[in-house]
Amino acid sequence: MSIILKAFLIGTAALLVTVFMIVGTVTLTGDTYQPTMFINSVIGCYAIGSTVSYYFMKQSEKYRQALEEKEVLHVQLIDAHEKLRRHSQLDIMTGLLNREAFFTKVNGLQEAFSDQSSSMLILDIDHFKLINDTFGHLEGDKAIIMVSKVLRTIVDKDVIVGRIGGEEFAVFIRDIKAESVQVVAESLRAAIEEIEFYPVPEIRQKLTVSIGAAQAENTGVTTDLVRRADRTLYKAKNEGRNCVCMDMAA
(Lines give C-alpha, C1' and ligand atoms only; values in the text may rest on other atoms or scores of the structure.)
Protein backbone atom coordinates (compact mmCIF):
# COMPACT_ATOMS: atom_id res chain seq x y z
CA MET A 1 0.00 0.00 0.00
CA SER A 2 1.40 3.38 -1.00
CA ILE A 3 2.16 6.08 1.56
CA ILE A 4 -0.31 8.47 -0.15
CA LEU A 5 -3.12 5.96 0.19
CA LYS A 6 -2.22 5.30 3.82
CA ALA A 7 -2.25 9.05 4.54
CA PHE A 8 -5.65 9.39 2.83
CA LEU A 9 -7.08 6.52 4.89
CA ILE A 10 -5.76 8.07 8.09
CA GLY A 11 -7.40 11.37 7.13
CA THR A 12 -10.65 9.55 6.36
CA ALA A 13 -10.57 7.72 9.69
CA ALA A 14 -9.93 11.00 11.47
CA LEU A 15 -12.84 12.58 9.59
CA LEU A 16 -15.21 9.79 10.62
CA VAL A 17 -14.15 10.17 14.26
CA THR A 18 -14.59 13.94 14.03
CA VAL A 19 -18.07 13.63 12.51
CA PHE A 20 -19.02 11.18 15.23
CA MET A 21 -17.80 13.61 17.88
CA ILE A 22 -19.72 16.52 16.25
CA VAL A 23 -22.93 14.50 16.15
CA GLY A 24 -22.48 13.41 19.73
CA THR A 25 -21.69 16.89 20.96
CA VAL A 26 -24.61 18.51 19.13
CA THR A 27 -26.96 15.84 20.40
CA LEU A 28 -25.86 16.30 24.00
CA THR A 29 -25.89 20.09 23.95
CA GLY A 30 -28.93 20.57 21.79
CA ASP A 31 -27.13 22.95 19.44
CA THR A 32 -27.89 23.14 15.76
CA TYR A 33 -25.65 21.80 13.08
CA GLN A 34 -23.53 24.38 11.28
CA PRO A 35 -22.08 23.68 7.78
CA THR A 36 -18.74 25.06 8.92
CA MET A 37 -18.45 22.22 11.40
CA PHE A 38 -18.20 19.66 8.62
CA ILE A 39 -16.24 21.91 6.26
CA ASN A 40 -13.62 22.54 8.92
CA SER A 41 -13.51 18.85 9.74
CA VAL A 42 -12.84 17.92 6.12
CA ILE A 43 -10.17 20.60 5.78
CA GLY A 44 -8.54 19.68 9.09
CA CYS A 45 -8.54 15.93 8.54
CA TYR A 46 -7.38 15.91 4.93
CA ALA A 47 -5.41 19.11 4.52
CA ILE A 48 -3.64 18.84 7.85
CA GLY A 49 -4.06 15.29 9.17
CA SER A 50 -3.34 13.49 5.92
CA THR A 51 -0.46 15.84 5.06
CA VAL A 52 1.20 15.43 8.45
CA SER A 53 0.65 11.66 8.34
CA TYR A 54 2.18 11.51 4.87
CA TYR A 55 5.23 13.48 6.04
CA PHE A 56 5.92 11.27 9.05
CA MET A 57 5.31 8.04 7.15
CA LYS A 58 7.63 9.26 4.39
CA GLN A 59 10.34 10.03 6.93
CA SER A 60 9.79 6.65 8.57
CA GLU A 61 10.15 4.92 5.19
CA LYS A 62 13.38 6.79 4.47
CA TYR A 63 14.73 5.80 7.88
CA ARG A 64 13.80 2.16 7.28
CA GLN A 65 15.51 2.20 3.89
CA ALA A 66 18.58 3.82 5.43
CA LEU A 67 18.74 1.06 8.05
CA GLU A 68 18.43 -1.62 5.35
CA GLU A 69 21.18 0.03 3.28
CA LYS A 70 23.35 0.27 6.37
CA GLU A 71 22.84 -3.43 7.06
CA VAL A 72 23.74 -4.31 3.46
CA LEU A 73 26.87 -2.16 3.66
CA HIS A 74 27.77 -3.78 6.97
CA VAL A 75 27.51 -7.25 5.45
CA GLN A 76 29.54 -6.13 2.42
CA LEU A 77 32.18 -4.65 4.71
CA ILE A 78 32.46 -7.88 6.69
CA ASP A 79 32.73 -9.86 3.45
CA ALA A 80 35.38 -7.50 2.06
CA HIS A 81 37.33 -7.69 5.31
CA GLU A 82 37.24 -11.49 5.24
CA LYS A 83 38.36 -11.57 1.59
CA LEU A 84 41.18 -9.18 2.40
CA ARG A 85 42.22 -11.34 5.36
CA ARG A 86 42.27 -14.48 3.21
CA HIS A 87 44.06 -12.66 0.40
CA SER A 88 46.75 -11.45 2.80
CA GLN A 89 47.48 -15.09 3.71
CA LEU A 90 47.99 -16.26 0.15
CA ASP A 91 50.89 -16.20 -2.21
CA ILE A 92 49.61 -14.17 -5.16
CA MET A 93 51.26 -16.28 -7.84
CA THR A 94 50.28 -19.77 -6.67
CA GLY A 95 47.30 -19.29 -4.39
CA LEU A 96 49.07 -21.34 -1.72
CA LEU A 97 49.64 -20.00 1.77
CA ASN A 98 52.47 -17.50 1.98
CA ARG A 99 55.37 -18.05 4.36
CA GLU A 100 53.89 -16.17 7.32
CA ALA A 101 50.44 -17.75 7.04
CA PHE A 102 51.92 -21.22 6.56
CA PHE A 103 53.96 -21.14 9.74
CA THR A 104 51.13 -19.50 11.67
CA LYS A 105 48.81 -22.38 10.77
CA VAL A 106 51.48 -24.96 11.47
CA ASN A 107 52.16 -23.51 14.91
CA GLY A 108 48.43 -23.59 15.62
CA LEU A 109 48.19 -27.28 14.76
CA GLN A 110 51.34 -28.05 16.70
CA GLU A 111 49.86 -26.50 19.82
CA ALA A 112 46.42 -28.07 19.37
CA PHE A 113 47.71 -31.62 18.74
CA SER A 114 50.92 -31.73 20.73
CA ASP A 115 50.56 -35.48 21.44
CA GLN A 116 50.44 -36.51 17.76
CA SER A 117 53.16 -37.15 15.22
CA SER A 118 53.92 -34.58 12.56
CA SER A 119 56.12 -34.16 9.53
CA MET A 120 57.61 -31.33 7.53
CA LEU A 121 58.56 -31.58 3.87
CA ILE A 122 60.57 -28.86 2.15
CA LEU A 123 60.69 -28.99 -1.63
CA ASP A 124 62.95 -27.02 -3.93
CA ILE A 125 62.69 -26.95 -7.72
CA ASP A 126 65.92 -28.27 -9.18
CA HIS A 127 68.03 -26.00 -11.40
CA PHE A 128 65.43 -23.27 -11.19
CA LYS A 129 67.95 -20.50 -11.85
CA LEU A 130 68.90 -22.24 -15.07
CA ILE A 131 65.23 -22.28 -16.13
CA ASN A 132 64.97 -18.53 -15.50
CA ASP A 133 68.24 -17.77 -17.24
CA THR A 134 67.46 -19.97 -20.25
CA PHE A 135 63.76 -19.35 -20.83
CA GLY A 136 63.04 -16.15 -18.91
CA HIS A 137 61.30 -15.34 -15.64
CA LEU A 138 57.80 -15.67 -17.08
CA GLU A 139 58.48 -19.31 -17.89
CA GLY A 140 60.04 -19.71 -14.47
CA ASP A 141 56.79 -18.42 -12.97
CA LYS A 142 54.85 -20.96 -15.00
CA ALA A 143 57.03 -23.73 -13.61
CA ILE A 144 56.33 -22.56 -10.05
CA ILE A 145 52.58 -22.49 -10.74
CA MET A 146 52.63 -25.99 -12.23
CA VAL A 147 54.45 -27.39 -9.20
CA SER A 148 52.04 -25.63 -6.87
CA LYS A 149 49.07 -27.27 -8.62
CA VAL A 150 50.52 -30.69 -7.84
CA LEU A 151 51.02 -29.75 -4.21
CA ARG A 152 47.50 -28.37 -3.94
CA THR A 153 46.07 -31.86 -4.61
CA ILE A 154 47.13 -33.13 -1.17
CA VAL A 155 45.76 -30.24 0.89
CA ASP A 156 43.21 -31.24 3.55
CA LYS A 157 42.50 -30.60 7.23
CA ASP A 158 45.67 -32.46 8.26
CA VAL A 159 47.92 -31.17 5.46
CA ILE A 160 49.11 -27.59 5.09
CA VAL A 161 50.97 -26.44 1.98
CA GLY A 162 52.73 -23.14 1.45
CA ARG A 163 55.20 -21.36 -0.75
CA ILE A 164 57.92 -20.24 1.63
CA GLY A 165 60.46 -18.89 -0.83
CA GLY A 166 61.05 -18.21 -4.52
CA GLU A 167 61.08 -21.83 -5.77
CA GLU A 168 60.76 -23.40 -2.33
CA PHE A 169 57.63 -25.00 -0.89
CA ALA A 170 56.76 -26.59 2.42
CA VAL A 171 54.27 -29.28 3.37
CA PHE A 172 53.22 -29.96 6.95
CA ILE A 173 51.41 -33.22 7.69
CA ARG A 174 49.76 -33.97 11.01
CA ASP A 175 49.28 -37.41 12.56
CA ILE A 176 51.32 -39.49 10.13
CA LYS A 177 53.87 -42.25 10.51
CA ALA A 178 57.39 -42.12 9.07
CA GLU A 179 56.77 -44.75 6.39
CA SER A 180 53.72 -42.87 5.14
CA VAL A 181 55.70 -39.63 4.93
CA GLN A 182 58.17 -41.34 2.62
CA VAL A 183 55.31 -42.51 0.40
CA VAL A 184 53.76 -39.02 0.23
CA ALA A 185 57.11 -37.39 -0.55
CA GLU A 186 57.93 -39.91 -3.27
CA SER A 187 54.49 -39.55 -4.86
CA LEU A 188 54.90 -35.76 -4.99
CA ARG A 189 58.35 -36.05 -6.49
CA ALA A 190 57.12 -38.49 -9.14
CA ALA A 191 54.05 -36.38 -9.98
CA ILE A 192 56.15 -33.25 -10.43
CA GLU A 193 58.57 -35.13 -12.66
CA GLU A 194 55.64 -35.98 -14.93
CA ILE A 195 54.60 -32.33 -15.42
CA GLU A 196 54.32 -31.38 -19.09
CA PHE A 197 56.31 -28.15 -19.07
CA TYR A 198 57.00 -26.59 -22.46
CA PRO A 199 58.79 -23.25 -22.05
CA VAL A 200 59.38 -23.32 -25.80
CA PRO A 201 56.89 -24.91 -28.24
CA GLU A 202 57.68 -28.59 -28.87
CA ILE A 203 60.53 -28.54 -26.36
CA ARG A 204 59.69 -30.19 -23.03
CA GLN A 205 61.73 -29.07 -20.06
CA LYS A 206 61.82 -31.66 -17.32
CA LEU A 207 60.82 -30.34 -13.91
CA THR A 208 62.10 -32.08 -10.80
CA VAL A 209 62.27 -31.29 -7.12
CA SER A 210 64.54 -32.25 -4.27
CA ILE A 211 62.67 -33.00 -1.06
CA GLY A 212 63.89 -32.94 2.50
CA ALA A 213 61.62 -34.39 5.17
CA ALA A 214 61.66 -34.49 8.94
CA GLN A 215 59.30 -36.43 11.17
CA ALA A 216 58.59 -36.52 14.89
CA GLU A 217 56.45 -39.07 16.72
CA ASN A 218 55.31 -36.45 19.22
CA THR A 219 54.78 -33.15 17.51
CA GLY A 220 57.94 -31.15 17.81
CA VAL A 221 58.80 -27.50 17.77
CA THR A 222 58.15 -26.07 14.31
CA THR A 223 61.57 -24.46 14.03
CA ASP A 224 63.22 -27.79 14.85
CA LEU A 225 61.20 -29.62 12.16
CA VAL A 226 62.08 -26.94 9.61
CA ARG A 227 65.76 -27.07 10.53
CA ARG A 228 65.85 -30.85 10.17
CA ALA A 229 63.85 -30.84 6.93
CA ASP A 230 66.07 -28.09 5.53
CA ARG A 231 69.15 -30.11 6.39
CA THR A 232 67.84 -33.17 4.58
CA LEU A 233 66.90 -30.99 1.60
CA TYR A 234 70.54 -30.01 1.17
CA LYS A 235 71.43 -33.67 1.47
CA ALA A 236 69.02 -34.46 -1.37
CA LYS A 237 70.62 -31.71 -3.46
CA ASN A 238 74.08 -33.11 -2.80
CA GLU A 239 72.98 -36.63 -3.69
CA GLY A 240 72.05 -35.63 -7.22
CA ARG A 241 68.67 -33.90 -6.87
CA ASN A 242 65.25 -35.28 -7.88
CA CYS A 243 65.16 -37.44 -4.76
CA VAL A 244 63.81 -37.58 -1.22
CA CYS A 245 65.95 -37.57 1.91
CA MET A 246 64.40 -38.00 5.32
CA ASP A 247 65.28 -37.38 8.95
CA MET A 248 63.34 -40.00 10.94
CA ALA A 249 61.51 -39.33 14.23
CA ALA A 250 63.53 -37.54 16.85
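Inspect all residues belonging to segment 72-90 and state whether any of them is modelled with pLDDT of 80 or more and assigned to a helix (DSSP H, G or I).
Yes: segment 72-90 contains one or more residues that are modelled with pLDDT of 80 or more and assigned to a helix (DSSP H, G or I).
Please tell me if F172 is under 24 Å from D247 (Cα atoms) and open to solvent by less than 10 Å² (accessible area, probe 1.4 Å).
Yes; evaluated as a whole, the condition is true for this residue.
Taking interchain pairs and intrachain pairs at least six residues apart, which have beta carbon atoms under 6 angstrom, with the first residue in segment 149-166 and without any contact (Cβ under 8 Å) to a residue 60 or more places away in the chain and closer than 20 Å to S180 by Cβ and the second of a type in the set (K, R) and surrounded by 12 or more Cβ atoms within 10 Å (Cβ to Cβ)?
That search, which allows pairs on different chains as well, returns D158/R174.
Quick test for you: out of A185, A213, pick the one residue that is in contact (Cβ under 8 Å) with a residue 24 or more places away in the chain, crowded, with 20+ Cβ neighbours inside 10 Å, out of contact with any helix residue (DSSP H, G or I) (no Cβ under 9 Å at 6 or more places or on another chain) and closer than 20 Å to V150 by Cα.
Being in contact (Cβ under 8 Å) with a residue 24 or more places away in the chain, crowded, with 20+ Cβ neighbours inside 10 Å, out of contact with any helix residue (DSSP H, G or I) (no Cβ under 9 Å at 6 or more places or on another chain) and closer than 20 Å to V150 by Cα holds for just one of A185, A213, which is A185.
Does Q110 satisfy the criteria of being assigned to a helix (DSSP H, G or I), of a type outside the set (F, W, Y), surrounded by 16 or more Cβ atoms within 10 Å (Cβ to Cβ) and at pLDDT below 90?
yes
D126 versus (1) within 30 Å of E217 (Cα to Cα); (2) at pLDDT 80 or above; (3) open to solvent by 90 Å² or more (accessible area, probe 1.4 Å): which is the lone unmet condition?
(3)
Please verify whether segment 158-169 includes one or more residues that are within 23 Å of T223 (Cβ to Cβ), among the acidic types (D, E), modelled with pLDDT under 95 and surrounded by fewer than 19 Cβ atoms within 10 Å (Cβ to Cβ).
yes
Consider segment 88-103. How many of its residues are under 17 Å from the mean Cα position of the chain (by Cα) and surrounded by 15 or more Cβ atoms within 10 Å (Cβ to Cβ)?
Counting residues in segment 88-103 that are under 17 Å from the mean Cα position of the chain (by Cα) and surrounded by 15 or more Cβ atoms within 10 Å (Cβ to Cβ) gives 9.
Among the residues of segment 230-245, is there at least one that is among the small types (G, A, S), more than 30 Å from the chain's Cα centre (by Cα) and over 22 Å from S117 (Cα atoms)?
The answer is yes, given that some residue of segment 230-245 is among the small types (G, A, S), more than 30 Å from the chain's Cα centre (by Cα) and over 22 Å from S117 (Cα atoms).
With L225, L207 as the choices, which residue is open to solvent by less than 20 Å² (accessible area, probe 1.4 Å), under 21 Å from N107 (Cα atoms) and among the aliphatic types (A, V, I, L, M)?
Being open to solvent by less than 20 Å² (accessible area, probe 1.4 Å), under 21 Å from N107 (Cα atoms) and among the aliphatic types (A, V, I, L, M) holds for just one of L225, L207, which is L225.
The values are calculated or read from the model by the stated rules, or taken from the named source; none is laboratory data. This is a predicted model, so every value here is computed, not measured. Here Cβ is always computed from backbone atoms with ideal geometry, including for glycine, and neighbour counts include all displayed protein chains. Note: areas computed on protein heavy atoms with side chains; ligands, DNA, RNA excluded. Shrake-Rupley method; radii C 1.70, N 1.55, O 1.52, S 1.80 Å.
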